[in-house]
Each structure stands twice: as structure tokens, then as C-alpha cells.
Amino acid sequence: MLLIQCPYCGERPEPEFVYGGQAHIARPQPSAELSDQEWTNFLYRRNNTRGAHAERWRHTHGCGRFFNALRDTTTDHFLATYKLSEPPPRPPAESAE
Amino acid sequence: MRDLTQARRGPLLKPGALVKTLPPATRFILRGGPAVRAAAEQALALEVPASPCRAALDGERAALWLGPDEWLLLASEGSAASRAPALSAALQALPHSLVDISHRQIALAVEGPAAETLLAAGCPLDLDARAFPIGMCTRTVLGKAEIVLWRTGTEAFRIEVWRSFAGYLCAFLAEAAHGIG
């Protein structure tokens, strides 16, 4: 079974986790002055990375906390997991807008 | 409560594993930061674990770590009711959440030399005593239901499960027990 390192609980089986989409998406400021295109990009447009991808996961059936993970999308290998407040261990490839 | 009919049908007894419903208990979910944890510890005169996935037991009362800011407080019914106002008062000045969930879930005990094997039928965790020692507790899954699993002894586990899942869980364990009988 795929084991995922939860930053709070340690190594746990994958069925306890839920995928939460791409990580490090900041709401553009000032949001009142955004164009429709900028809103679209913020709300809907996501990377479709081949390789290391920074993404959110939630340990739903465990501590319940969100955390970030760096996962290789071609091998499903977790390169690292880290807390939301922490910067990614290394810049995720191709994540720049 | 129709969903509890099966859970109340009586203990499931197999050579090696006994599953029984435990008597009603008082349960609280406490959420808050380190200051809340310290204040609760003082008000309850009970250790509230700071280390992940650990439970502290003191007689009939227990505090289980569920998350970095979440604890499950257990006590036998009645004994803890008088302490809740004291705890609430002690936490008044701190941002926190203290919710009575006594009737949301019920407790099952799984005991016997085959307890680990029985639970492994539906729980993806490594339940070996080296990986899941006495005093370890965690939210996890058993079959399709979410549970809180707590190892209370070498061959004893306590399961806290939402009431509406109890019937399913007992049926699941009865089915799994065929394999070890």
C-alpha cells in the first residue's frame, strides 16, 4: 500500500488521505480590481505538470489537517511532504504562472 | 434507534476475538492551541497529550490526541458531567471549541489474541504492537467507516464509531470473524 508521510502523524496508508488540488495558489490582490481573465486564472486554470507537482493533501481520516506534498506525477512517488506554513522543499518545477 | 439493533444484539464471540459494546460514556471534543491544552490539563487534572497519536488514561477518564489542535475527552457516564462546567470556565478567556459529542458515537471493545487480525481485515494501519503500541490512538478507517482506534492493552482495542455506522461496523466485524474462527 502507498504510504504517505503526514507532517503531524507520520507514515500512514493512502486510504486515509484525500487529494486537495494544486498548492501555493495565492488570491491576487487587490481582488476588487481584477479583470475577468485574472479571476478565471485564479479560480479555474491549473497546471498539468509532468514531474514534481506541489499539491495539497488532507489527512481526512487521521488528524484532519491539510498539508502540502511534492509528488512526481509520472511515478506517483512522494518526494516530500510539509506543513502549509512551510515553503516547498525545492521550487516545484513548472509551477510559475 | 434502529441502527443500533445489531450493535446491541450482544457480544460477538469467536475463539481469539471478542467484540462487545461498551457502556455509554461522556465524550467531548476539545479544539484549541497549546494554551488551551495546558489550561485543560490543569482544569481536568488529567494529562492532555501533546505528542501525536497518544492517549492518556487516568482511571475512568482519558484524553486522546486526534490532531495537533484536537482532543477527544472520554469519561464514564456521569463522572465527568460535573467537570465540564469547570473546564468550560477555565477556557473562557481562550479561543477554543468544546463540544459534547456523548451521543454521537458508541464504543466497542475488541479483545483477544486475534484482535489484531480481526481489525486488520478492514483497517489499513500496521497494528503490530511495535508499530501500534499500547496507548496509541488515532482516527482511521475500518471497512468503509471512520473510527477512532485506541490500543488499550496488548490484546485489547477500543473503537469509537459514529452511532449510525455502528450497525455496519458490527456486521463487518462479524463477517471478518468468519475468517479467523
| If contacts are Cα pairs under 8 angstrom and at least 6 residues apart, what is the relative contact order of chain B in percent? | 27 percent
| query | With point charges of +1 on the Cβ of Lys and Arg and -1 on the Cβ of Asp and Glu, referenced to the Cα centre of chain A, which listed residue (A:6, A:24, A:67) lies farthest in the positive direction of the dipole? | reply | A:6
| remark: Computed for the protein assembly as shown: size of charge dipole around the Cα centre, +1 on C-beta of each Lys and Arg, -1 on C-beta of each Asp and Glu, debye to nearest 20, value 500 debye
| In degrees, nearest 10, range 0 to 90: what is the angle between the Cα axis of helix B:34-44 and the longest Cα principal axis of chain B? | 80 degrees
| field | Relative contact order [Cα under 8 Å, 6+ residues apart], chain A, whole percent | value | 26 percent
| remark: Candidate cut points under chymotrypsin sites (Phe, Trp or Tyr not before Pro) in the range A:3-97, DSSP loop plus at most 16 other Cβ atoms within 10 Å of their own Cβ, are A:44
| task | Could you grab the relative contact order for the range A:1-51? Cα pairs under 8 Å, six or more apart, rounded to a whole percent. | result | 22 percent
| field | Built amide H within the under 5 Å cut-off of residue B:102, gap 5+ | value | B:27
| What number, in nm² with one decimal, is the all-direction average of the projected area of the convex hull of the alpha-carbon atoms of the range B:25-100? | 4.2 nm²
| Phi to ³J(HN,Hα) by Karplus 6.51 cos²θ - 1.76 cosθ + 1.60 over the range A:5-13, Hz, x for Gly, Pro | 7, 7, x, 9, 9, x, 6, 9, x
| field | Built amide H within the under 5 Å cut-off of residue B:122, gap 5+ | value | B:143
| field | More than 15 angstrom apart: percent of Cα pairs within chain A | value | 62 percent
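Quick one: longest stretch of chain B between exposed loop trypsin sites (Lys or Arg not before Pro), exposed meaning at most 16 other C-beta atoms within 10 Å and loop per DSSP?
Numbers: sites that count: B:8, B:9, B:104, B:130, B:144.
Result, exposed sites excluded: B:10-103.
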| field | Dipole magnitude of chain A about its Cα centre (Cβ charges: Lys, Arg +1; Asp, Glu -1), debye to nearest 20 | value | 200 debye
| task | Check the straight Cα-Cα distances from residue B:14 and name the aspartates and glutamates below 17 Å, setting aside those fewer than 8 residues away within the same chain. | result | B:111, B:116, B:155, B:175
| query | Using alpha-carbon positions, what is the distance between the centroids of the range B:135-167 and the range A:21-54, in Å? | reply | 39 Å
| message | At a 4.7 angstrom Cβ threshold, list every cysteine in chain A that has nobody to pair with, or say none. | response | A:63
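Relative to 2.2 N^0.38 Å, what does the C-alpha radius of gyration of the protein assembly as shown come to as a ratio? Two decimals please.
Cα Rg divided by the expected 2.2 N^0.38 Å: 1.16.
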| remark: Averaged over the residues of B:64-73, the number of partner chain Cβ atoms within 10 Å of each residue's own Cβ comes to 3
| remark: Any aspartates and glutamates whose Cα falls less than 12 Å from that of residue A:83, other than same-chain ones fewer than 8 residues away, would be A:55
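Where a number appears in this text, it was derived from the coordinates with a stated rule and is not lab data. What you see is a predicted model, and the numbers here were worked out from it, not measured in a lab. Every residue, glycine among them, receives a Cβ derived from its backbone with ideal geometry; neighbour counts consider all protein chains shown.
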